[in-house]
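The values are calculated or read from the model by the stated rules, or taken from the named source; none is laboratory data. No experiment lies behind these values; they were computed from the predicted model shown. Heads up, the Cβs are rebuilt from the backbone with ideal geometry, glycines too, and the neighbour counts pull from every protein chain shown. Ligands, DNA and RNA are excluded from the accessible area calculation, which covers all protein heavy atoms including side chains. Shrake-Rupley method; radii C 1.70, N 1.55, O 1.52, S 1.80 Å.
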Amino acid sequence: MSKQYETVIGLEVHVELATKTKIFCSCSTQFGGAPNTHTCPVCTGMPGSLPVLNKQVVEYAAAVGLATGCTITQNCKFDRKNYFYPDNPQNYQISQLYYPICRDGGIEIETENGKKTIRLHEIHMEEDAGKLIHDEWDDCSLVDFNRSGVPLIEIVSEPDMRSAEEVIAYLDKLRLIIQYLGASDCKLQEGSMRADVNLSLREVGAKEFGTRTEMKNLNSFKAIARAIEGERERQIELLEEGKEVVQETRRWDDTKECSYAMRSKEDAQDYRYFPEPDLVPIIISDEWLREIRDKQPELRDEKKARYKKEFDIPEYDIDIITASKRMADIFEETIAICNKPKKVSNWLMVETMRLLKEHDMEPQDITFSPKNLAKLIDLADDGTINSSVAKEVFEVMFKEDINPEQYVEEKGLKSVNDEGALRSTIEGVIAANPQSVEDYRSGKEKAIGFLVGQTMKAMQGKADPGMINKILKELL
């Protein structure tokens, strides 16, 4: 009988912080940019250049720590991690080993067996390395130092996850917390959130952990799930054949759906860590910590509970709206203007989600303003425009945030609410369609739909279908 194995997973998540400048110099952190244009002597590791710490990095790191229930190390410092790699300009990385800024937190996730807390070992600050670009054509590698010195926090979990589902739930929760704090946009595809997966297997019931491997190069939730499944199967195969799992760093190739060994796993002593001599220790006073704590926004879980209490909208809507801070902000700001929660929710859930999908956009890329959405809802609500015109106007607003009132006025889209004019149009439609009138009178309810359609056509779509229905029934 084959053995039963349990998967044990811990994550190291690197998050690029949303500061305007790098961690130790004033170069821009903007994504993109021509290679080596966001650089200076400090972030390219020129001899004699000295780092100066960006205060905002400490604030963001402490904010993430507070939001994940960590203890903040109020007296912490940086260390030097020495290694030689072409994209590492100083031949060392400034990181934190001995006194990380945050320790011992936890993130609660929902699993199929109920709630579960994934413990956090620590969160530390460090600088990012540059990027190697491999040129297949010329068979050489080029170095771009734009990313070098971009501030990172590394969030290290305990090995508390047991499946790909738990890992995705944890990453999703972590990403939302950080996005709500405004500490990072956490775009996996741009590398501003990267996860390394440490995975080992042990027989069910065993106390000891098995030998773990670390997997890198994971830039989407789907790739992470596939990599976990792939590595689990690879290790089971080795154990079943009586072979040993080697502790190493592996690289996941998502196109081939397999991983291959990159290097044997180093331990801390291989990096010859020592306290960073060019930076003074960081002292976070009680007062500064209180300031950071007071600035913490309402996070998603609190928001969900409040929406449930305050607004009469379905739980499903609440889940979707709060899954993006941008969406939640638009929802709340629009309600503050027009005070119609259900209507606002409907516009976000139906039309906004549809257009986001169509244009392959993320909620954070929405450009229309709450003010204009509120105006559109009011126009549709008071019958100034009918629902199909409202949808047309919204499509234009979604693309270029036009003022719906002005647009409706300029394009002559207002509904005709003049009952006299509508009545005479309907009389014309009835006269022109004797067959449908006959059908309706002999009990075919559906025939009225055709007559409503003909009237809308005659009115160029600028009439209220409800009103047409009422007058039609009356005349018939």
TODO: Quick one: count up the residues across the range 92-119 that are open to solvent by 90 Å² or more (accessible area, probe 1.4 Å), part of a loop (DSSP other than H, G, I, E, B) and under 30 Å from residue 280 (Cβ atoms).
DONE: 2
Task: Matching residues in the range 170-196 - criterion: being in contact with a strand residue (DSSP E or B) (Cβ under 9 Å, 6 or more places away or on another chain), part of a helix (DSSP H, G or I) and not aromatic (Phe, Trp, Tyr) - done: 171, 172, 173, 174, 175, 177, 178, 188, 190
- [ ] Determine if the range 252-269 includes at least one residue that is surrounded by 15 or more Cβ atoms within 10 Å (Cβ to Cβ), closer than 23 Å to residue 186 by Cβ and touching a residue at least 24 places away in the same chain (Cβ under 8 Å).
- [x] yes
Open item on the list: Being among the small types (Gly, Ala, Ser) and under 22 Å from the mean Cα position of the chain (by Cα) is the filter here; which residues of the range 9-33 pass it?
Closed with: 10, 18, 32
- [ ] Tell me, yes or no, whether the range 331-352 has at least one residue that is under 24 Å from residue 64 (Cβ atoms) and at pLDDT 90 or above.
- [x] yes
Open item on the list: Filter the range 164-193 down to the residues that are over 10 Å from the mean Cα position of the chain (by Cα), crowded, with 19+ Cβ neighbours inside 10 Å, within 24 Å of residue 147 (Cα to Cα) and not hydrophobic (A, V, I, L, M, F, W, C) and list them by number.
Closed with: 192
Task: Within the range 123-143, tally of residues that are over 16 Å from residue 192 (Cα atoms) and among the charged types (D, E, K, R) - done: 4
Task: Where residue 443 falls short, out of the listed (1) among the small types (Gly, Ala, Ser); (2) within 30 Å of residue 346 (Cβ to Cβ); (3) at pLDDT 65 or above - done: (2)
Task: Residues of the range 275-303 classified as in a loop (DSSP other than H, G, I, E, B), touching a Leu at 6+ places or on another chain (Cβ under 7 Å) and over 30 Å from residue 46 (Cα atoms), total - done: 2
TODO: Working carefully through the options 101, 107, find the one that is in contact (Cβ under 8 Å) with a residue 40 or more places away in the chain, in contact with a helix residue (DSSP H, G or I) (Cβ under 6 Å, 6 or more places away or on another chain) and farther than 22 Å from residue 301 by Cβ.
DONE: 101
Open item on the list: Restricting to the range 354-364, name every residue that is of a type outside the set (D, E, K, R) and either in a helix (DSSP H, G or I) or closer than 17 Å to residue 307 by Cβ (or both).
Closed with: 355, 356, 363, 364
Open item on the list: Being β-branched (Val, Ile, Thr), surrounded by fewer than 14 Cβ atoms within 10 Å (Cβ to Cβ) and over 17 Å from residue 281 (Cβ atoms) is the requirement here; does residue 71 meet it?
Closed with: yes
- [ ] Working only within the range 19-38, note down all residues that are at negative phi and either outside any loop (DSSP other than H, G, I, E, B) or open to solvent by 50 Å² or more (accessible area, probe 1.4 Å) (or both).
- [x] 20, 21, 26, 28, 30, 31, 34, 35, 37
TODO: Just need a number here: residues in the range 304-353 that are part of a helix (DSSP H, G or I) and open to solvent by 70 Å² or more (accessible area, probe 1.4 Å).
DONE: 12
- [ ] Output the residues belonging to the range 197-228 that are part of a strand (DSSP E or B) and under 20 Å from the mean Cα position of the chain (by Cα).
- [x] 197
Task: Any pair with Cβ under 7 angstrom, 6 or more apart, that starts in the range 379-400 at a residue that is without any contact (Cβ under 8 Å) to a residue 40 or more places away in the chain and ends at one that is of a type in the set (Asp, Glu) and in a helix (DSSP H, G or I) - done: 379/405
